[in-house]
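Visitor: The structure is given below, and queries will be raised subsequently.
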Amino acid sequence: MTQRRNSAHIKAQKEGKKIDQYACFFCCRQFRGNHGHHIMLYSEGGEPSVRNMVTLCPECHRDYHNGKIKLDLIRF
Ligand SMILES: [Zn+2]
Ligand SMILES: [Zn+2]
């Protein structure tokens with residue numbers, strides 16, 4: 001179960017980053033190592049799909065989790 005969820009998750013991350021062309025959702029910096037951030041946590045019913053992912057650069061990702069930036073995370 002955990003394994004399946006992880007591979008679906010990795011696939012969704014890759015697809016999401018490709019759709020965003022590896023550009024950060026917030027600052028638009030393009031970087032292959034950008035992170036895929038979950039809009040909704042699995043524990044809150046989030047699904048492992050591109051609809052639930054957003055691409056963030058490491059800095060914005062950290063700032064987001066530190067509460068420094070707020071994103072309006074509605075993707076579609
Ligand atoms: Zn950024
Ligand atoms: Zn995150």
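The values are calculated or read from the model by the stated rules, or taken from the named source; none is laboratory data. Quick caveat: nothing in here was measured; it's all calculated off a predicted structure. As a convention, Cβ positions derive from the backbone with ideal geometry for all residues, glycine included, and neighbour counts pool all protein chains shown.
Visitor: What is the residue count in region 17-76 for residues that are among the acidic types (Asp, Glu) and within 23 Å of Asn6 (Cβ to Cβ)?
Guide: 3
Visitor: If Cys57 satisfies every condition in (1) under 12 Å from the mean Cα position of the chain (by Cα); (2) within 16 Å of ligand 2 (Cβ to nearest atom); (3) at pLDDT below 95 but one, which is the exception?
Guide: (3)
Visitor: Could you please find all residues in region 60-74 being exposed (fewer than 15 other Cβ atoms within 10 Å of the Cβ) and modelled with pLDDT of 90 or more?
Guide: Arg62, His65, Asn66, Gly67, Lys68
Visitor: For region 40-56, which positions are among the aliphatic types (A, V, I, L, M) and either within 16 Å of ligand 1 (Cβ to nearest atom) or more than 18 Å from Lys70 (Cβ to Cβ) (or both)?
Guide: Within region 40-56, Val50, Met53, Val54, Leu56 meet the criteria.
Visitor: Which residue is farthest from ligand 2 (Cβ to nearest atom), if the candidates are limited to region 31-45 and must be more than 14 Å from Glu15 (Cα to Cα) and within 12 Å of the chain's Cα centre (by Cα)?
Guide: Met40
Visitor: Can you tell me which residue is modelled with the highest pLDDT among those in region 31-49 that are outside any loop (DSSP other than H, G, I, E, B) and surrounded by 13 or more Cβ atoms within 10 Å (Cβ to Cβ)?
Guide: Among those residues, the one meeting the criterion is His35.
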